[in-house]
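Reading through the structure tokens given below for one structure.
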Amino acid sequence: MKTSTKLGLVLGSLWLCSLLYLGGNFFPPEDGTLTTQELDHLTRELHRIRRQNDDLRRHAAELRDLVELRDTHQNNGGDQVLQMQQKLEKANKLLEKFKDNTDHNFQNLPAPQHQMCGDGPTREHEVLRRKIDNGVTEMWYYVKAELNKIKEFSSVDKVRERVSEMLEDAGHHQRAIHTDLYNLSRIDGLDSWRENEAKALEQLVQKRFHYLQNPKDCSKAKKLVCYLNKGCGYGCQVHHVTYCFIVAYATQRTLILESKGWRYAREGWEKFFLPLSSTCKDRKGGSTGRWGAPDVIKDIQVVDLPIVDGLHPRPDSLPLAIPEDLFERLTRLHGNPIVWWLGQILRFLLRPQPELEKDMKDTEERLGFGHPIVGVHVRRTDKVGTEAAFHGIEEYMSHVEEYFQRYAMHADPGKDLVKRVFLATDDPGLLPEAQKKYPEYTFVSDNDISKSAGLSSRYSESSLRGIILDIHFLSLSDYLVCTFSSQVCRVAYEIMQTHHPDAAAYYHSLDDVFYYGGQNEHQQIAIYEHKPRSSNEIELKPGDVIGVAGNHWDGWSKGTNHRLKPRKAGLYPSYKVVEKVDISKMPTYPGADDFTIPSS
């Protein structure tokens, strides 16, 4: 089979995926009648499909030209052209394998339903919709990476030009499918259902948090004591307090935060944030002890909690676990339930003092923060070369541009699109560099904050104010581009979830996948078989549990298959697995149902 045909089939399969999924809207009601609105909708869809078919034919013709050009140069010999051919053949084999699995997947889809139930879509519907969306993303990562390899290894100008055109066309095609899926998620009032469900879940857990933290009699309440001054930066310390709160919630203990003498502010946590309790602020109690097994601490009123690195035994409530009673609703609503759960905890912990809240509003007005806007966090100074690699501004901006190209496909064409970027960085020289290189963008940034983030002034109140504001505006952005090796970016991503029903996919990390320091193992479940083709890959069989090491953002992930003995780390196609949602049986706090959240 020719190269053009193979690649054409892949493009066709992408189109077919979206068509089959959208096909649910073509099925008439059971009584066999169609309304005028439905007929109009059907006509528009048929015209759109005809245009897509014409596009696919054009792509196939271009691919044939590419193959003929390649064959012409092969007749002239040359090692470079031979290398290009080998790359093409390798890409074709991988693409053909992906096509076979995609066809198999969609042949086994259940018949679509025409109407949703009154209580919103089923959990299965939402999980599948998000899986398709993520599959398109992973497919694009793979195609882009393979075509760029061909472009890199080819010395033939016309081949490189044609590959560039293919990248442009394929990029537009994947954005079109994402746009269809975005529109699909909003039809029949589903966006309203998600908004309402998100608010209901938020109210449920926030009432539980306030109920736990405000016992009627503090002298009799069981308490968990957390010490703030962990030897790390602000993002790390925020995650430390979050870990303490998770343990307190799982053990039904009021959290007492010991924060006086905090390295950022001597007055402690309450210099910037509201107290964690209105009724119980001291650690007094009839008995005191250190953390231990449940049967050891069950009768101890006040328990001191170590940092997560020294925690033993480790409870199963630690991230990446979510409460068991929230599993069904959360996995229906959200694409990454643990991030939603962490975001709700941070919503409670980081309630600003009135002075800080005013500062946030004044800064938003002064900077001209508006939407749409992409938050870009660039960490330099002490991180580069130790915890993370250096990434030029060009790497970040390529993903910013991808976001705005996708945004433009569903934005109001009658309005001018202002491409805003909120830039948060500890490098004061980066803002003028970005403004010079990308004049078509409006950069929203405060260089005074960048200067205060320097190593000489990092642990000061002014620096703390700056990092709080940076995280605040990053979380308010419509999309994040950053490195998840930075705790600051992960905190912003977690808080972002409180501003949207589901913002799980509103990011791109240049390095790590999302993780939580001290977490239990991140696991995925294999859903398709994979036979290794090199020593760098690992075998997969459906049902295998994979310990995740990372995503290479090129269609491949790295991890360890628990089934294999001895265990071996290796690569596997990212689309052949799904996330395993870890759950833990935690208290449900029935007394919180009638609890009134105290006013600030």
- Put a dot 7 Å past each Cα toward the Cβ at residue 567 and residue 360; how far apart are the dots in nm? 4.0
- Accessible-area ranking of 131, 361, largest first, probe 1.4 Å: 361, 131
- For region 421-555, whose charge dipole is built from +1 on Lys and Arg Cβ atoms and -1 on Asp and Glu Cβ atoms, the candidate among 540, 496, 528 with its Cα farthest towards the positive end is 496
- Query: Per-residue accessible area for residue 496 at 1.4 Å probe radius, Å² rounded to 10?
  - Reply: 0
- If you keep only loop residues by DSSP, which GluC sites (Glu not before Pro) in region 480-578 have at most 16 other Cβ atoms within 10 Å of their Cβ? 521, 529, 539
- Task: Kindly state, to the nearest 0.05, the FRET efficiency for residue 409 paired with residue 168, given R0 = 22 Å and r defined as their beta-carbon distance.
- Result: 0.90
- Message: Using a 7 Å offset from the Cα along the Cα-to-Cβ direction at both residue 152 and residue 525, what is the distance between the two label points in nm, to one decimal?
- Response: 3.6
- Accessible-area order for 182, 575, 227, largest to smallest, probe 1.4 angstrom, reads 227, 182, 575
- Query: Given H placed on each backbone N at 1.01 Å, which residues far from residue 552 in sequence or on other chains put an amide H within less than 5 Å of it?
  - Reply: 557, 558
- Message: For 155, 452, give me the order by solvent-accessible area with a 1.4 Å probe, most accessible first, ignoring ligands, DNA and RNA.
- Response: 155, 452
- Can you pull the accessible area of residue 467 for me, 1.4 Å probe, Å² to the nearest 10? 40
- Message: Solvent-accessible area of residue 462, probe 1.4 Å, all protein chains present, reported in Å² to the nearest ten, please.
- Response: 70
- Query: Summing +1 for each Lys or Arg and -1 for each Asp or Glu, what net charge is found among the other residues whose Cβ lies under 10 Å from the Cβ of residue 370?
  - Reply: 0
- Query: Can you flag which of 131/207; 216/298; 131/437; 222/260 are past 27 Å Cα-Cα?
  - Reply: 131/207; 131/437
- Item | Per-residue ³J(HN,Hα) for region 216-225, Karplus 6.51 cos²θ - 1.76 cosθ + 1.60, θ = phi - 60°, Hz, x for Gly and Pro | 5, 10, 5, 5, 9, 6, 7, 10, 10, 9
- In a shell of Cβ-Cβ distance under 11 Å around residue 424, excluding residue 424 itself, what net charge do Lys and Arg (+1) and Asp and Glu (-1) give? -3
- Message: Quick check: net charge around residue 267, other residues with Cβ under 11 Å of its Cβ, Lys/Arg +1 and Asp/Glu -1?
- Response: +1
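The values are calculated or read from the model by the stated rules, or taken from the named source; none is laboratory data. These figures come from a predicted structure and were not determined experimentally. All Cβ positions, glycine included, derive from the backbone under ideal geometry; neighbour counts span all protein chains shown. Just so you know, the surface numbers come from the protein's heavy atoms only, side chains and all, with ligands and any DNA or RNA stripped out. Shrake-Rupley method; radii C 1.70, N 1.55, O 1.52, S 1.80 Å.
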